[in-house]
Amino acid sequence: MRVVVDLSRCQGYAQCAFLAPEVFRMHGEEALMYDPNPDDAQREQVVRAAAACPLQAILVDQLEGRDTPVGASPS
């Protein structure tokens, strides 16, 4: 799973940090820090955190089919 936060949209409401504290955390009052590649065990919390973002600044990519070796073409 891959997480991307549009930090130009993030306003520091910290809903994500409350719902998925192992992935999202506030640094100071407004700076969001996050793990861009959280463990799949965090999937439910991350999806809920993304849905709770009032500005919809969080994108979650499930990365289905990423088992293709580097350099090989997916079939």
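The values are calculated or read from the model by the stated rules, or taken from the named source; none is laboratory data. Since we're looking at a predicted model, the values are computed, not measured. Cβ sites come from the backbone with ideal geometry, for glycine too, and all protein chains shown count toward neighbours. The accessibility values were calculated without ligands, DNA or RNA, using every heavy atom of the protein model including side chains. Shrake-Rupley method; radii C 1.70, N 1.55, O 1.52, S 1.80 Å.
Observations
- The residues of the range 36-56 that are more than 9 Å from residue 16 (Cβ to Cβ), open to solvent by less than 70 Å² (accessible area, probe 1.4 Å) and part of a loop (DSSP other than H, G, I, E, B), listed by number, are 36, 38, 55.
- Filtered by the rule that a residue be open to solvent by 60 Å² or more (accessible area, probe 1.4 Å) and either in contact with a Lys or Arg (Cβ under 9 Å, 6 or more places away or on another chain) or modelled with pLDDT of 95 or more (or both), the range 24-33 gives 25, 33.
- Scanning the range 25-62 for residues that are of a type in the set (Lys, Arg) and within 16 Å of residue 1 (Cβ to Cβ) yields 43, 48.
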